[in-house]
Amino acid sequence: MKKEIVSWMKSILIALIVVFICRQFLFVPVTVKGESMEPTFENSDRIVVTKVGNIEHSDMVVFHAPDAEKEYIKRVIGLEGDRVKMKDDMLYINGKPYKEPYVKSNKEQIPPDENLTENFDVKVPEGSLFVMGDNRRHSWDSRRFGVISEDSLVGKVEFRFFPLNELGSPQ
């Protein structure tokens, strides 16, 4: 009986260590809060964020908010060294037009003579990222609090596991 209990304790301890290592260094579950990424993510969606891999334009990331004690989820628009410009709802990265299919449904909901995103022109400093929410009119992002430090990243969004009808890799 004693051997059985010790065996179970070892198994439980090993499982806890594996979970700790995975959560600390590989991936973490996150619950989306707010409307800033609608329609890509809705409030209370549950996602998995990976802590490994390269960040590229239009990747969705979770990071420690520079202006609050919480975490935000946003889309990477500019990488370090990029010149990011928005003019008349057209995004330019380093002078080249960049399509944003993820804002199409939000753009369709406003009058045709209005812009979804106000004009701006930003140079992203070294070690930083420029991020914006997909729901541009209801997103607190780099347009308000400035660029974020790459050190503030929790990770890159890889997988949505709730709601079940939206299970999979979000675009």
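The values are calculated or read from the model by the stated rules, or taken from the named source; none is laboratory data. Predicted model only: the values in this text are computed from it and were never measured. Methodologically, a virtual Cβ is constructed for each residue, glycine included, from the backbone with ideal geometry; neighbour enumeration extends over all protein chains shown.
Please count how many residues of the range 151-170 are at pLDDT below 85, polar (S, T, N, Q) and either surrounded by 13 or more Cβ atoms within 10 Å (Cβ to Cβ) or in a strand (DSSP E or B) (or both).
0
What's the number of the condition V61 fails, among (1) of a type in the set (V, I, T); (2) over 17 Å from E158 (Cα atoms); (3) surrounded by 11 or more Cβ atoms within 10 Å (Cβ to Cβ)?
(2)
Quick one: is R160 closer than 18 Å to S36 by Cα and without any contact (Cβ under 8 Å) to a residue 40 or more places away in the chain? Full working, then the answer.
Values: closer than 18 Å to S36 by Cα: yes; without any contact (Cβ under 8 Å) to a residue 40 or more places away in the chain: no.
For R160, the condition - closer than 18 Å to S36 by Cα and without any contact (Cβ under 8 Å) to a residue 40 or more places away in the chain - is not met.
Could you tell me whether the range 37-53 includes any residue that is within 14 Å of D141 (Cβ to Cβ), surrounded by fewer than 19 Cβ atoms within 10 Å (Cβ to Cβ) and modelled with pLDDT under 95?
yes
Could you tell me whether N54 is in a loop (DSSP other than H, G, I, E, B), polar (S, T, N, Q) and touching a residue at least 24 places away in the same chain (Cβ under 8 Å)?
Taking the combined requirement at face value, the residue does not satisfy it.
Here is a list: Y72, Y98, Y102, Y92. Which entry is over 16 Å from the mean Cα position of the chain (by Cα) and either loosely packed, with under 12 Cβ neighbours inside 10 Å or touching a residue at least 40 places away in the same chain (Cβ under 8 Å) (or both)?
Unique residue meeting the criteria: Y98.
Can you report the number of residues in the range 105-143 which are surrounded by fewer than 14 Cβ atoms within 10 Å (Cβ to Cβ) and either without any contact (Cβ under 8 Å) to a residue 40 or more places away in the chain or in contact with a helix residue (DSSP H, G or I) (Cβ under 8 Å, 6 or more places away or on another chain) (or both)?
Count: 12.
For the range 28-49, state whether one or more residues are part of a helix (DSSP H, G or I), hydroxyl-bearing (S, T, Y) and more than 21 Å from I148 (Cα to Cα).
Among the residues of the range 28-49, not one is part of a helix (DSSP H, G or I), hydroxyl-bearing (S, T, Y) and more than 21 Å from I148 (Cα to Cα), which makes the answer no.
For the range 79-86, state whether one or more residues are more than 29 Å from F161 (Cβ to Cβ), touching a His at 6+ places or on another chain (Cβ under 9 Å) and surrounded by 13 or more Cβ atoms within 10 Å (Cβ to Cβ).
yes
Which condition number in (1) on the phi > 0 side of the Ramachandran plot; (2) hydroxyl-bearing (S, T, Y); (3) not in a loop (DSSP other than H, G, I, E, B) is the one that S11 fails?
Among (1) on the phi > 0 side of the Ramachandran plot; (2) hydroxyl-bearing (S, T, Y); (3) not in a loop (DSSP other than H, G, I, E, B), the lone unmet condition for S11 is (1).
Restricting attention to strands (runs of 3 or more DSSP E) lying wholly within the range 73-132, give those where 2 or more residues are modelled with pLDDT of 95 or more, in contact with a Ser or Thr (Cβ under 8 Å, 6 or more places away or on another chain) and under 26 Å from V32 (Cα atoms).
128-132
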